[in-house]
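Here's the structure we're looking at; comments come further down.
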Amino acid sequence: MQQEVLALLAEARDWPGYARRLEEARGIVRRYEERLADGSVAVEDLIVSKRLTREPREYQKANQTAIAAQQLFGHGARLRPGQTVEYIITDAGNRVPNDRVRAYALWDGWFGYDRRKYAELLREAFEPLALGRATQAGCTRASVTNVEENITCSAVDSASASPGRAGAGGCPHSAPRDRS
């Protein structure tokens, strides 16, 4: 799906073309959200791949990658830092860490997937698409950028006459998002 959206946006040659394709891209994202909600996404399309940064037993926190690595380790897999682990998010908020994810190699088919978590991940992945709305939100001239998760909108608004100022007539997209 990411390639589908990116290929569509790459066809744009100017701002108006980008804005048109942005609406089409949002439609693609909405269709995927609907498929997630009704459970019609193939499990192969839900695989999360992460690279191990340490041995499975060396992880101190029960993050999703650590849980999947420990599941594989428990079934005899020899894993080393740098290898990739694949898993499906089954119940991200479960109190029992082993029930949060399931290593894809151990997938039995009867586990469901966490529809809410995958919908959240989908929205986060395509959150920058909302940036196309900068001109609709009070910016008269905008240059939108996404630099390592800090999204800013450098704009000169006739009311504020200052680049990137949020609030009081400034572009509402100018403040970096808090990712904590």
Mind giving me the nanometre distance, one decimal, between the label points for Arg78 and Arg51, set 7 Å out from Cα along Cα→Cβ? 2.2 nm
Search the structure for amide H atoms under 5 Å from the amide H of Thr90, placed 1.01 Å from N in the peptide plane, and list their residues when 5 or more places away or on another chain. Val101, Arg102, Asp114
Which ³J(HN,Hα) values in Hz, rounded to whole numbers, follow from the phi angles of segment 41-54 under the Karplus curve 6.51 cos²θ - 1.76 cosθ + 1.60, where θ = phi - 60° and Gly and Pro get x? 7, 5, 4, 4, 7, 9, 5, 9, 10, 9, 8, 6, 9, 7
What is the sum of charges around Thr84, taking Lys and Arg as +1, Asp and Glu as -1, for the other residues whose C-beta is under 12 Å from the C-beta of Thr84? +2
HN-Hα J couplings of segment 57-67 from phi, Karplus 6.51/-1.76/1.60, θ = phi - 60°, integer Hz, Gly and Pro as x? 6, 8, 5, 9, 9, 8, 7, 4, 5, 5, 4
Quick one: length gained pulling Arg35 to Phe111 fully straight, 0.36 nm per residue minus the C-alpha distance? 25.6 nm
Quickly work out the Glu44-to-Arg26 label distance, labels modelled 7 Å from Cα along the C-beta direction, and quote it in nm with one decimal. 3.3 nm
Distance in nm between label sites at Ala119 and Leu8, each 7 Å beyond Cα in the beta-carbon direction? 2.0 nm
Out of residues 5 or more away from Arg54 or on other chains, whose amide H comes under 5 Å of its own, with H placed 1.01 Å from N in the peptide plane? Gly82
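Read-outs throughout are calculated quantities, based only on the coordinates presented, and are distinct from any laboratory measurement. A quick note: this is a predicted structure, and the numbers were derived from the prediction, not measured. Methodologically, a virtual Cβ is constructed for each residue, glycine included, from the backbone with ideal geometry; neighbour enumeration extends over all protein chains shown.
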